[in-house]
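For reference, the structure discussed in these notes is given below.
The values are calculated or read from the model by the stated rules, or taken from the named source; none is laboratory data. Since this is a predicted model, take the numbers as computed values, not measurements. Every residue, glycine as well, gets a Cβ built from its backbone with ideal geometry; the counts of neighbours run over all protein chains shown. Heavy atoms of the whole protein, side chains included, go into the accessibility calculation; ligands, DNA and RNA do not. Shrake-Rupley method; radii C 1.70, N 1.55, O 1.52, S 1.80 Å.
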Amino acid sequence: MNLAIILQAGVATGTALLFATLGEILTERSGILNLGVEGMMLLGAMTSYAMSNKFGNPWIGILFGMLAAGLVSQVHAFITVTLQADQVVSGLSLNFLATGISLVLGEGLNSLVGVPLIPKFDIPLLSQIPFIGDVFFAGHSALVYVGYLMVPLAWYFINRTRPGMHLRAVGEYPSAVDAQGINVFGMRYFYIFVGGLLAGLGGAAISLAISPGFFAEKTTSGQGWIAVGLVIFAQWNPIRAAFGGYIFGALRRLVLDIQGPMLLLGFANPFYYNPYYGFFLKMLPYAFTVIVLIIGSREANRKRVGSPAALGLPYIRGQRGL
Amino acid sequence: MEMVSTMDQENEVRECRNVVCMRGIVKHFPGVLANDHVDFELREGEVHALLGENGAGKSTLMNILAGLYRQDEGLIEVNGKEVKFNSPRDAIAAGIGMVHQHFMLVPSQSVTENILLGLSEPRFRLNLPHYDAVVAQMAEEYGLHVDPRAKIWQLSVGEQQRVELLKMLYRGAEILIMDEPTAVLAPSEIDDLFVTLRAMTQKGKSITFISHKLHEVMAISNRVTVLRKGKVTSSGINIADTSRAGLANLMVGREVVFRVDKNEQEPGDVILSVDNIHAENNKGLKALNGITLNVRAGEIVGLAGVAGNGQRELADVITGLRKASEGQVIIGGEDITNLSPKAGIRKGVSHIPEDRTHVGTAPNLSVTDNVIMKNYTEEPIGKGWMVNDTAATKYARELKKAFDIIVPNVHTSVRLLSGGNLQKVILAREISKKPELLIAMQPTRGLDVGAIEGVQRLLLLQREAGSAVLLVSEELEELLSLSDRIYVIYEGEIMGEVADGDIEKIGLMMTGMQMEDIRLQGEKSNE
């Protein structure tokens, strides 16, 4: 087991999580909880894989994947913003809807061969840095580098721009925003859409770059749910989301690596000899999610950085207290 | 346009100095005529109070001027030009800004960010340090002291109000509407606000001040317009030409008794006896430091003091909502210290809490559910583990009638009720079963004159019926007129007890002087 390789793979795996988490952060900052991330990711993975095959260009595939997830997110927008229904229920059903569409339309996609994938390359100069270069700047898919750019951009957008300030305000106290003549409903539709686009991008990153192919639910295998959890761990901050995403990516990779060798730390590797123990290993990242979430939210409480105050509450004009 | 200018000439004398003229404003709401041909004029550089009871139509009128509602009839002129507002944005563009009773501020954002919210400048990049400086300069100019970089949640209510004012000034408002600005402020903050308002009028701003507190209207305004049930009862009279009693009469349409009549009666046995109580506040700091007092049957005992000196903690300890670390609470001869609130309720303790909306009621539940909260287990409302809905509704209807709760029906959620009606719901629940002991925390705060009188009358009725009443209030006048005796609390200690209503002594004790010291001083000066 080579640490650089594990971390390198972790960064690659974490990129899908990162995209989905950033998208959900933007959506939740506008005051809308969208639990349909898993389904939207799967839809993005399926659509982009199929479209890349059809058009022979992975970038066109990604575009379709993002749009498909963005469009399906508008179902959630209509139900929660316009109809003001419960966001948890709507998000869960969106998840079933998007998953269902992906499974039906994605039937048979796993038999495709030679689907064009996102190219991989080294970053000149930066990849020469010892260790860091190997982990972050060598042999990665183009999407990984897109991820690096997106983190500071998202942070800057949220914290240092006027639209970002409005985004924060609409998730904290929508009536103050409404009183200033800004369209609360329009903003929420928009950021649900952006969340959908990024979840789709996360899915596309899996099927066209990280672990190519479309294998029904196993494509995303619950990463959408981890992304929802990571948002809390990240305290709605893109920089922390990047850390979370890459750490979880590395963890998922480490679990695979532990299963591989016959000897582990000089002893016979129980995970190698008994395949059932492997299930325990595969469970670890998810168990770890739970633990990190508990720690993360306790810390958030202590530091007074709670969730956006209006998260999960429909905005109804003129109602008291909102 | 022609029409308007001829009208201008006709009314020239009245028009020329007025920044706002509202003429014949009519506004209907379903089932209510909120404004019935209301005229209102605001002169440049004046503070014009709009006085009226809750529901008199003051806020409606000002919401029309601020562009939140549209009038059904009538016209509005600003600086001599007729205006039609479709949204608050239009009103702000015409220089009219309104500071609402509930502040429209984002708690997690800074003062500057809140001021910039919704403006088209800056375009994209938020250069906060630059705007911080602009806001700081503006704050300096108007004497609205607040740190531009502070987050709203860190600010006191008074400071938040200043942010709202800055927000309007930043948008170029020349005409400011303040909807009951003092309702949320502490007495010292009210003084600061008045200083600020005067400073602003000196800079040529014109201010409308909505209130139902007579002494404030007398203190701050130049002129006053009184509304009653949607109609103007007195338009733009000079404050010098009027009196409190006269205004009160205009406001409620009948003589208001400021001195409530209280019959002489001998108090009975001691019902509540609090002995050397120590307790902590929510932050874990010492809030009560050895409180000892007693209340007898058939008397009202006042507890005076500036807010935050332990009144709430004391009420909590007596009603079982807070643990005492030391001392005893004895009610009707039984030690109930640190028992559950239910133990107190069984001993006949009733509680009118300070926070009506969160402690006093469950906002989303109906009037019925709120009034049966204490006796839902008793026949005929409670039967075994069931609640008899028919009986509960019948009971609620009786109370609605008896306490004159104005609500379409008893199934309405109480969150839709006005402050006065909400208090009636609480009173109905708390005193309909004659309580042994009534703890009333700020029972009249935020209510209009008519409602205050009603609440005070009910408290006196409890006294006549032989209940022991502990009245906690910041309104000295109220304490003096209702109470038989008054304790003064300061930093968790009782400074002394006054039975003769000596307001000077009470004032001294409220600032931390012990009764003993006052007496000694008095003796010295006599020598």
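If you scan the stretch B:75-108, which residues turn out to be assigned to a helix (DSSP H, G or I), open to solvent by 30 Å² or more (accessible area, probe 1.4 Å) and more than 8 Å from chain A (Cβ to nearest Cβ)? Lay out the reasoning, then the answer.
At the first step, the residues of the stretch B:75-108 found to be assigned to a helix (DSSP H, G or I) are B:88-93.
From the residues that got through so far, the ones that are open to solvent by 30 Å² or more (accessible area, probe 1.4 Å) too are B:88-90, B:92-93.
Selection gives B:90, B:92, B:93.
Those residues that are modelled with pLDDT of 95 or more, small (Gly, Ala, Ser) and surrounded by fewer than 19 Cβ atoms within 10 Å (Cβ to Cβ), I need them from the stretch A:187-233; list them, please.
none
Inspect all residues belonging to the stretch B:415-429 and state whether any of them is basic (Lys, Arg) and farther than 27 Å from residue B:484 by Cα. Full working, then the answer.
Pass one, the stretch B:415-429, residues basic (Lys, Arg): B:415, B:424, B:429.
After this cut, where a residue has to be farther than 27 Å from residue B:484 by Cα as well, the list is B:415.
Within the stretch B:415-429, one or more residues are basic (Lys, Arg) and farther than 27 Å from residue B:484 by Cα.
Which members of the stretch B:113-161 meet the condition of being more than 14 Å from every other protein chain (Cβ to nearest Cβ), buried (at least 20 other Cβ atoms within 10 Å of the Cβ) and polar (S, T, N, Q)?
B:161
In the stretch A:175-195, how many residues are out of contact with any Ser or Thr (no Cβ under 9 Å at 6 or more places or on another chain), over 25 Å from residue A:19 (Cβ atoms) and more than 8 Å from every other protein chain (Cβ to nearest Cβ)?
2
State the number of residues belonging to the stretch B:413-431 that are more than 14 Å from chain A (Cβ to nearest Cβ) and in contact (Cβ under 8 Å) with a residue 60 or more places away in the chain.
The number of residues fulfilling the criteria is 7.
Working only within the stretch B:338-365, note down all residues that are free of Cβ contacts under 8 Å to residues at least 24 places away in the same chain and open to solvent by less than 30 Å² (accessible area, probe 1.4 Å). Talk me through it step by step, then tell me what you get.
So in the stretch B:338-365, the residues free of Cβ contacts under 8 Å to residues at least 24 places away in the same chain come out as B:338-343, B:346, B:355, B:358-359.
Correct list: B:343 only.
On the given criteria, is residue B:421 over 19 Å from the mean Cα position of the chain (by Cα), among the polar types (S, T, N, Q) and within 18 Å of residue B:364 (Cβ to Cβ)?
no
For residue B:179, state whether it is within 14 Å of chain A (Cβ to nearest Cβ), open to solvent by less than 40 Å² (accessible area, probe 1.4 Å) and closer than 26 Å to residue B:225 by Cβ.
It is true that residue B:179 is within 14 Å of chain A (Cβ to nearest Cβ), open to solvent by less than 40 Å² (accessible area, probe 1.4 Å) and closer than 26 Å to residue B:225 by Cβ.
Could you say whether any residue in the stretch B:165-172 is of a type in the set (A, V, I, L, M, F, W, C) and free of Cβ contacts under 8 Å to residues at least 40 places away in the same chain? Before the answer, list the steps.
The initial filter retains those residues of the stretch B:165-172 that are of a type in the set (A, V, I, L, M, F, W, C), namely B:165-166, B:168-169.
Still in the list and also free of Cβ contacts under 8 Å to residues at least 40 places away in the same chain: none.
No, because not a single residue in the stretch B:165-172 is of a type in the set (A, V, I, L, M, F, W, C) and free of Cβ contacts under 8 Å to residues at least 40 places away in the same chain.
State all residues of the stretch B:419-429 that are in contact with a Leu (Cβ under 9 Å, 6 or more places away or on another chain) and either under 23 Å from residue B:261 (Cβ atoms) or open to solvent by 10 Å² or more (accessible area, probe 1.4 Å) (or both); if no residue qualifies, say none.
Residues satisfying the conditions are B:419, B:420, B:423, B:424, B:427, B:429.
Just to check your reading of the model, which residue among A:153, A:83, A:149 is within 14 Å of chain B (Cβ to nearest Cβ) and exposed (fewer than 14 other Cβ atoms within 10 Å of the Cβ)?
Exactly one of A:153, A:83, A:149 is within 14 Å of chain B (Cβ to nearest Cβ) and exposed (fewer than 14 other Cβ atoms within 10 Å of the Cβ), namely A:153.
Could you give every pair whose Cβ atoms fall below 6 Å, whose first residue belongs to the stretch B:307-332 and is under 14 Å from residue B:494 (Cβ atoms), and whose second residue is among the charged types (D, E, K, R) and open to solvent by 50 Å² or more (accessible area, probe 1.4 Å), counting only separations of at least 6 or pairs across chains?
B:309/B:491; B:327/B:275
From the list A:123, A:158, pick out the single residue that is open to solvent by less than 50 Å² (accessible area, probe 1.4 Å), more than 29 Å from residue B:114 (Cβ to Cβ) and either in contact with a Phe, Trp or Tyr (Cβ under 6 Å, 6 or more places away or on another chain) or within 14 Å of chain B (Cβ to nearest Cβ) (or both). So that I can check it myself, show each step before the final result.
Working: A:158 fails: more than 29 Å from residue B:114 (Cβ to Cβ).
After ruling out the rest, the residue left standing is A:123.
Within the stretch B:229-236, is there a residue that is under 25 Å from residue B:475 (Cα atoms) and outside any helix (DSSP H, G or I)? Before the answer, list the steps.
Going through the stretch B:229-236, the residues under 25 Å from residue B:475 (Cα atoms) turn out to be none.
No.
How about the stretch B:469-527: which helices (runs of 4 or more DSSP H) wholly inside it have at least 3 residues that are within 19 Å of residue B:307 (Cα to Cα)? So that I can check it myself, show each step before the final result.
On the way: elements: B:476-482, B:503-510, B:515-526.
Per the criteria, B:476-482, B:503-510.
Condition check ((1) under 30 Å from residue B:51 (Cβ atoms); (2) touching a strand residue (DSSP E or B) at 6+ places or on another chain (Cβ under 9 Å)) across all residues:
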site: B:115; (1), (2): no, no
site: B:128; (1), (2): no, yes
site: B:158; (1), (2): yes, no
site: B:184; (1), (2): yes, no
